[in-house]
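Rule-based calculations on the coordinates, nothing more; no lab input. The model shown is predicted, which means the values in this text are computed figures rather than measured ones. So basically every Cβ, Gly included, is an ideal-geometry build from the backbone, and we count neighbours across all protein chains shown.
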Amino acid sequence: MSEVKFAKWQGLGNDFIIWHPEAMPDTALAGELAKRWCDRHFGIGADGLIAALPGKPGESQLTMEIFNADGSVAAMCGNGIRCLAAWAVQSGLVTGSRLAISTRSGLKEITVSPGRDKAGWEAEVDMGPPSVLEEAQPATVAGRALPAYIISMGNLHRVVLHDVGAEAGTAWLRQLDVPALGRSLDKSSHGDCNVEFVVPLGERELSMRVCERGVGETLACGTGACAVLVAASLHGLCPREAVIHLAGGDLAIRWEEHGRVVMRGPASETFRGVLTEPLL
C-alpha cells in the first residue's frame, strides 16, 4: 500500500475510520493497522476501524469487518454499522436508501434517511433477535449486589441495573469509575463482555454508561443500548420500546413482538483524508 484513502465518521461520538480496500488483508495485519490508525496521539484517532468490503452476491451490498482500537476483532457494532450504511449512501456506493450488510454476526438490514435539519444522516437497523444467556445474576458494584444480565447482540454485554429513582440513579451513574468497573466485570463463562451500567429515568427512558471491550469507556454503544433495552424490559423497568440516553446522545430502541431488536440513531461524517507512510 502506497497510500490509503479513508473517511472518519461518528455516531453519538462513537467514532470510526472507514476504509474501503479492494480486498481484506490478513486479519493480524488489519488488527495492527487498527491499533496504529486509531491511536489518538500518533494516528488518526478512533474507537475502531471499519473495512468496507464487497457484499455477498444475492445477499448484501457490503460486508463489514470491524476492529477495536486495540486491534481485536469485533463481531458487531451498532454505531459502526449505521456509520458504514450512511457512508455507503452518501458516497454513492449503493443506490437507494435501503441496504443489507453482511457482518460476523449475520446479515443486517438498514434504512438510511437524511438527519434532522439535514445534518448528517439517520439510520434504522434491524439488529436481529437478542440471545439472553444469563438473567438477573448479581454483580458487585461499589459494594452493592445488583442484578445483571448477559445478552448477546452479536457481541456480548453484561448489563448492570440499578433502580433507585431518576435523581439518585443519575448521581450514582455519574460517580462510577466505569473503566475500572468495566475491567472487573468484562469476563464471563460465555466470553469477554462489554459492560453497561443502567438506571431508569422514567417509564420509557433509560440512562447508561458503557465500557467497551478493547476500547474502554466510550460515548455510545449501539449494540449495548439494544442489550440494555432487552435487560430492562425483562426486569420490568420499561416496556419494549424506550429512548436510551448515552453520553454522546440518544438512541431509540424497540424490541418487537416477533423478537427482533430495531435501533434508530444518527451518523455523520467528520472528515476525509489520505494516509501515507509511516502509518502504512
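Structure values in brief
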item: Relative contact order computed over the chain (Cα-Cα under 8 Å; 6+ residues apart), in percent; result: 21 percent
item: Cleavage-rule hits, trypsin sites (Lys or Arg not before Pro), the stretch 1-109, DSSP coil, Cβ neighbours within 10 Å at most 12; result: ARG40
item: DSSP-assigned coil residues among chymotrypsin sites (Phe, Trp or Tyr not before Pro) in the stretch 63-127, each with at most 14 further Cβ atoms within 10 Å; result: none
item: Unit charges on C-beta of K, R, D, E only; dipole of the stretch 89-217, Debye; result: 300 debye
item: Ellipticity estimate at 222 nm from DSSP helix runs (n ≥ 4, -39,500 (n - 2.57)) divided over the chain, nearest 500; result: -6000 deg cm²/dmol
item: Net charge dipole size for the chain [Lys, Arg +1 and Asp, Glu -1 on Cβ; Debye, nearest 20]; result: 160 debye
item: Proximal lysines relative to LYS108, as straight alpha-carbon distance under 17 Å, when same-chain residues fewer than 8 apart are discounted; result: LYS56
item: Loop GluC sites (Glu not before Pro), the stretch 132-225 (other Cβ atoms within 10 Å of the site Cβ: 10 or fewer; DSSP); result: GLU203
item: DSSP-defined antiparallel bridges as percent of all bridges, the stretch 131-259, nearest 5; result: 80 percent
item: Positive minus negative residues near ASN194 (Lys, Arg vs Asp, Glu; Cβ under 14 Å); result: -2
item: C-alpha center-to-center spacing [the stretch 1-37, the stretch 161-184] in angstrom; result: 33 Å
item: Burial ordering of LEU146, LEU29, fewest other beta-carbon atoms within 10 Å first; result: LEU29, LEU146
item: Calculated Kirkwood radius over Cα pairs in Å (choose from [x] 19.7; [y] 20.9; [z] 18.8), label; result: [z]
item: Pairs of alpha carbons in the stretch 96-229 whose separation is greater than 17 Å (percent); result: 62 percent
item: Contact order normalised by residue count of the stretch 131-259, Cα under 8 Å, 6+ apart, percent; result: 19 percent
item: For VAL178, net neighbour charge (Lys/Arg +1, Asp/Glu -1) across residues whose Cβ lies under 11 Å away; result: -1
item: Degrees between helix 222-234 axis and first principal axis of the chain (Cα, 0 to 90, nearest 10); result: 20 degrees
item: Principal-axis tilt of helix 166-175 within the chain, Cα atoms, nearest 10 degrees; result: 60 degrees
